[in-house]
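Just below is one structure, and these are the notes that go with it.
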Amino acid sequence: MVGIPLGTKPGSKVRVEVQYADKQQRLEVAVARKTYPQQKLSMAPEQAELPPEQLARYEEERKHIQEVLRTFSEAGPDSLAMQQPVPGRRSGSFGLRRVINGVARNPHSGMDIAAASGTPVSAVREGRVIDVGEYLFLGKTVILDHGQGLLSLYSHLSEVNAAPGESVPVGATIGKVGATGRATGPHLHFSVYLNTTAVDPAFFL
């Protein structure tokens, strides 16, 4: 399995090399067009843009998270199926693009699940905790490594119940729903990554 970035041009070809024990195969996958929802918002400029004093922190955090997302473990999962990390309505879809004051922003890289503050958040599969932090946009966050480039991210948490390096079974409580970081209310932002690329969590749930 490979993740294809949302920005990949429809009609382009993605080349995949498959290594077997006794042979190697090269495949070409055509990228099809998919239309994602769009939301247009107007807001005061000071709300839409980061103040200069926070830009340096944002850049530092972005580089750190990108490095974490490059994690690759040889041992892989026996299945790609995941359980929903928290009960609730899926309130924000993957790929949603917000246009703020006429400027298109990056598409939504995960799924939002509406839930009350303090609701336990569970690991969607067994995995290893590879990052715990409190970030400007994501708030309190936990990232799990499930092997072979498959990662899951849980953010806006009110509380974290996991430590870096810890191995957790599927269903283990790793935090609680909150509204930390840039969030308008309590919910879980849940993302799935394949080989550093954000992919639609709905495929796996």
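Only the coordinates and a few stated rules stand behind these numbers; no lab work does. Since the structure is predicted, the reported quantities are computational estimates derived from the model, not experimental observations. Here the Cβ is made from the backbone with ideal geometry for all residues, glycine too, and neighbour counts use every protein chain on show.
In whole Å and largest first, what semi-axes does the C-alpha gyration tensor of the range 1-91 yield when each eigenvalue is scaled by 5 and square-rooted?
Numbers: eigenvalues 238, 84, 70 Å².
Rounded to whole Å, the semi-axes are 34, 20, 19.
With springs only between Cα atoms under 10 Å, which of GLU126, GLU60, GLU134 fluctuates most in a Gaussian network model of the chain?
With Cα springs under 10 Å in the chain, the top fluctuation among GLU126, GLU60, GLU134 is at GLU60.
Counting only helical runs of four or more DSSP H residues, what would the 222 nm mean residue ellipticity of the chain come to if each run contributes -39,500 (n - 2.57) and the total is spread over all its residues?
Counting only the DSSP helices, I get -3000 deg cm²/dmol.
Stretch GLU53-ALA163 to full length: gain in nm at 0.36 nm per residue minus the Cα-Cα span? Please report the intermediate quantities before stating the final value.
Numbers: separation 110, 0.36 × 110 = 39.60 nm, distance 2.97 nm.
Extra length available between GLU53 and ALA163 comes to 36.6 nm.
On a straight-distance basis, which lysines could pair with LYS63 in a cross-link, Cα separation under 20 angstrom, same-chain partners fewer than 8 positions away excluded?
Qualifying lysines at Cα under 20 Å: LYS140.
Using a cut-off of 13 Å between beta-carbons, work out the net charge of the residues near VAL29 (Lys and Arg +1, Asp and Glu -1, VAL29 not included).
Result for the neighbourhood of VAL29: +1.
Along the range 70-82, what does the Karplus equation 6.51 cos²θ - 1.76 cosθ + 1.60 (θ = phi - 60°) give for ³J(HN,Hα), rounded to whole Hz, x for Gly and Pro?
Along the range 70-82, the couplings run 7, 3, 9, 10, 5, 5, x, x, 7, 8, 9, 5, 10 Hz.
How much net charge surrounds LEU194 when only the other residues with a Cβ under 15 Å from the Cβ of LEU194 are counted, with Lys and Arg +1 and Asp and Glu -1?
Around LEU194, the surrounding residues sum to 0.
Projecting each Cα onto the charge dipole of the chain (Lys/Arg +1, Asp/Glu -1 at the beta carbon, about the Cα centre), which of PRO45, ALA114, GLY139 comes out farthest on the positive side?
Farthest towards the positive end: PRO45.
Residues with amide H under 5 Å of ARG98's amide H, sequence separation 5 or more or different chain, H placed in the peptide plane at 1.01 Å from N; which?
Under 5 Å from the amide H of ARG98 lie the amide H atoms of GLN39, ARG105, HIS108, each far enough along the sequence or on another chain.
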